[in-house]
Amino acid sequence: MKFAFFDTKPYDRPAFDKYGAEKGIEFKYFETKLNEDTAELARDFDGVCVFVNDTVNAKVIDKLVDMNVKVVALRCAGFNNVDVKYAFGKVHVLRVPAYSPYAVAEHTMALLLTSVRRIHKAYIRTRDFNFSLSGMTGFDLHGKTVGVIGTGKIGKVFINICRGFGMKVLAYDKYPDRSIESEYVRYADLPELFENSDIISLHCPLTEETYHLINRESLEKCKKGVVILNTSRGALVDAEALLAGIKDRKVGAACLDVYEEEADYFFEDFSGHIISDDILARLISMPNVIVSSHQAFLTTEALENIAETTVNNIIGYFENGQCPNEVCFRCGNAEDCKTGKCF
């Protein structure tokens, strides 16, 4: 079995080589992203393995089908870069619904602590032997209210971490899990969450409903000085509105591991180039903004889990004709397949 592996990075290969060899899958690694211009590279392969910034739109799907490519194996949980509705009946789209919720949740807290305790600034200062504490005052997380939007696996782990700091939690999810509610954790509607949260952390998928969930209107409802955390999907946040909120002093800080237009920049080295995205450049230039380049998932444990699950998804489809991690438009608005036998 042969798979074309797009948008390859050095850290991808060891785990995929290991699990692929165990199951008889040969991965051909391409550094380029999958798009309309590069889809031809998948000719003579049984499937393609793609990541968050690969493009699997209608034109790409048509090209894959013409080349008899049967499977699009996502090595990630999100699938907003795939035209799932168009893919139905043409190619099977498999995903990794959970690889390490701890990796993402812990990175979110690391960003928050770095921001509110000015750790990144302290590191730079002391490297120059500047031990002044001027401008380094932070605030306690204990007793603060954090609004957590999305209470799936990652959201729940993040809530537990926040509780360890003695924080109060307002949670929102379209499908709430009432079992997590307690004296310190309760569900609220979005207006209440925006109005009462000192910190807002996003852990929900990108859908039509959640697109630009953080926008000018929602920021207006927030407390002055609110901290925005996004380690989920870039387009959950209207970056232009966020920038305006920072300039107006409405947003006290922002920690972003994802960005709406990240596909042109993230995962690559642009240190010797001029960034043409003015909004991204201005966000990075802000003293109260931290941007990491979609690295929240990047732990040894997560990479192992991603590779193992992706390989098992592929084997499940080709040997059994079904995979529970199939993204299926028919089975429930692009949720995981409930039968594995929809087409």
* Do we have GLY89 as among the small types (Gly, Ala, Ser) and more than 20 Å from the chain's Cα centre (by Cα) here? -> yes
* To do: Please tell me if ASP264 is at negative phi, out of contact with any strand residue (DSSP E or B) (no Cβ under 9 Å at 6 or more places or on another chain) and loosely packed, with under 13 Cβ neighbours inside 10 Å.
  => no
* **Close pairs from the range 125-138: first on the phi < 0 side of the Ramachandran plot and in a loop (DSSP other than H, G, I, E, B), partner at pLDDT 95 or above and open to solvent by 60 Å² or more (accessible area, probe 1.4 Å), Cβ under 8 Å, at least 6 apart** => PHE131/ARG125; SER132/ARG125; MET136/ARG118; MET136/LYS121; THR137/ARG118; GLY138/ARG117; GLY138/ARG118
* **Those residues of the range 70-86 which are open to solvent by less than 20 Å² (accessible area, probe 1.4 Å) and part of a helix (DSSP H, G or I), in sequence order** => VAL84
* Subset of the range 279-308 (residues that are touching a Ser or Thr at 6+ places or on another chain (Cβ under 8 Å) and among the aliphatic types (A, V, I, L, M)) -> ILE290, ALA296, ALA302
* Could you grab me the full set of residues in the range 49-67 that are under 13 Å from THR32 (Cβ atoms) and assigned to a loop (DSSP other than H, G, I, E, B)? => PHE51, ASN53, ASP54, THR55
* Just give me the residues in the range 28-41 being crowded, with 19+ Cβ neighbours inside 10 Å and in contact with a Lys or Arg (Cβ under 8 Å, 6 or more places away or on another chain), in sequence order. => ALA39
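Listed here are the residues, each with its yes/no results for (1) more than 18 Å from the chain's Cα centre (by Cα); (2) open to solvent by 10 Å² or more (accessible area, probe 1.4 Å).
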{"site": "ASP173", "(1), (2)": "no, yes"}
{"site": "ASP177", "(1), (2)": "yes, yes"}
{"site": "GLU195", "(1), (2)": "yes, yes"}
{"site": "LEU202", "(1), (2)": "no, no"}
{"site": "THR210", "(1), (2)": "no, yes"}
{"site": "LYS221", "(1), (2)": "yes, yes"}
{"site": "GLY225", "(1), (2)": "yes, yes"}
{"site": "LEU229", "(1), (2)": "no, no"}
{"site": "ALA244", "(1), (2)": "yes, yes"}
* Answer yes if at least one residue in the range 5-23 is assigned to a loop (DSSP other than H, G, I, E, B), modelled with pLDDT under 95 and surrounded by 21 or more Cβ atoms within 10 Å (Cβ to Cβ), and no otherwise. => no
* **Matching residues, the range 87-145, being over 30 Å from LYS70 (Cα atoms), crowded, with 21+ Cβ neighbours inside 10 Å and among the polar types (S, T, N, Q)** => THR108, SER115
* Go through (1) surrounded by fewer than 16 Cβ atoms within 10 Å (Cβ to Cβ); (2) modelled with pLDDT under 95 one by one and return the number of the condition VAL327 breaks. => (1)
* Structure fact -> Subset of the range 265-286, residues in contact (Cβ under 8 Å) with a residue 24 or more places away in the chain and within 17 Å of SER115 (Cβ to Cβ), comes to LEU283, MET286
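The values are calculated or read from the model by the stated rules, or taken from the named source; none is laboratory data. Note that this is a predicted model, so its numbers are computed, not measured. Because the Cβ atoms are built from the backbone with ideal geometry, glycine has one as well, and the counts that use them run over all protein chains shown. Please note that ligands, DNA and RNA were not included when accessible areas were found on the heavy atoms of the full protein model with its side chains. Shrake-Rupley method; radii C 1.70, N 1.55, O 1.52, S 1.80 Å.
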